[in-house]
Amino acid sequence: MGYCSRSQAAALIREKRVTLNGRVVRDPEAPACTPPDRINIDGALLQKSTSVYLMMNKPRGVVTTASDEKGRETVYDFLDGEGPWVAPVGRLDKASEGLLLLTNDSEWAARITDPDSHLDKTYHVQVDCVASPELLARVEEGCVVGGDLLRVKRVRPLRHGAKNSWLEIVLDEGKNRQIRRMLEALDVRVLRLVRVSIGLLQLGDLPKGEVRALKAQEKRRIDLALKHRSQS
């Protein structure tokens, strides 16, 4: 319904502040379908929030959580707090930066993060070596790390200096710290990792730490890509 996060909802339910069709609910997994079911919080009828779709250029060092027990800066520190509640669509780890989507449309977010969607996500990755054709071939081949088969859809060199390189890596699946784990297994250290696109949506020139609403045509491009993937 776009009211709050799953963890916040579970807390409200445990505090007996939620009723379903007039009865207090204590189980966060209790099934409900609105309409016709009526959900009240503190006696007020819950109404579906207007859907919000945002993009952020997440800075390095910022965590993708609503709150952090270590007091670190979170992506919510970059929101004005005036709109409805939103949640990150997937994650970028603390050391990673770039394009991050946020929304209160949980069904849309689930479609994007669903491994079966195979929606392309493009990263620019700086590594601590000059990438040889042999290394690129090994990255394309993939490797098994901790029981996970980690592989990329494609990789290509962007530019290089005397001691490091920038690679463009495209994933169509999203495993935890996939790029970092794979390159570490190949004895390559990641210096920077920037997500630059999701599907046809480009990060573009959005400044670091800035947030803006998706344009209608940008949202439509993602929806079309999801639809195409589901039919292929």
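What the table below lists for this structure:
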{"quantity": "Candidate set: the range 8-34, residues that are in a helix (DSSP H, G or I) and not polar (S, T, N, Q); chosen: the one nearest to Lys48 (Cα to Cα)", "calculated": "Ala9"}
{"quantity": "Identity of the residue in the range 206-223, touching a residue at least 12 places away in the same chain (Cβ under 8 Å) and of a type in the set (A, V, I, L, M), that ends up surrounded by the fewest Cβ atoms within 10 Å (Cβ to Cβ)", "calculated": "Ala213"}
{"quantity": "Candidates Arg212, Arg221, Arg192, filtered to the one that is assigned to a strand (DSSP E or B) and farther than 18 Å from Ser96 by Cα", "calculated": "Arg212"}
{"quantity": "Qualifying position, being in contact (Cβ under 8 Å) with a residue 12 or more places away in the chain, assigned by TED's automatic domain parsing to the domain that holds Val75 and either of a type in the set (A, V, I, L, M, F, W, C) or loosely packed, with under 12 Cβ neighbours inside 10 Å (or both), among Leu226, Leu203, Leu193", "calculated": "Leu226"}
{"quantity": "Residue tally, condition of a type in the set (Lys, Arg) and surrounded by 16 or more Cβ atoms within 10 Å (Cβ to Cβ), over the range 48-88", "calculated": "1"}
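The values are calculated or read from the model by the stated rules, or taken from the named source; none is laboratory data. As the structure is a computational prediction, the values presented were derived from the model and not from experiment. Please note: Cβ atoms are built from the backbone with ideal geometry, for glycine as well, and neighbour counts cover all protein chains shown.
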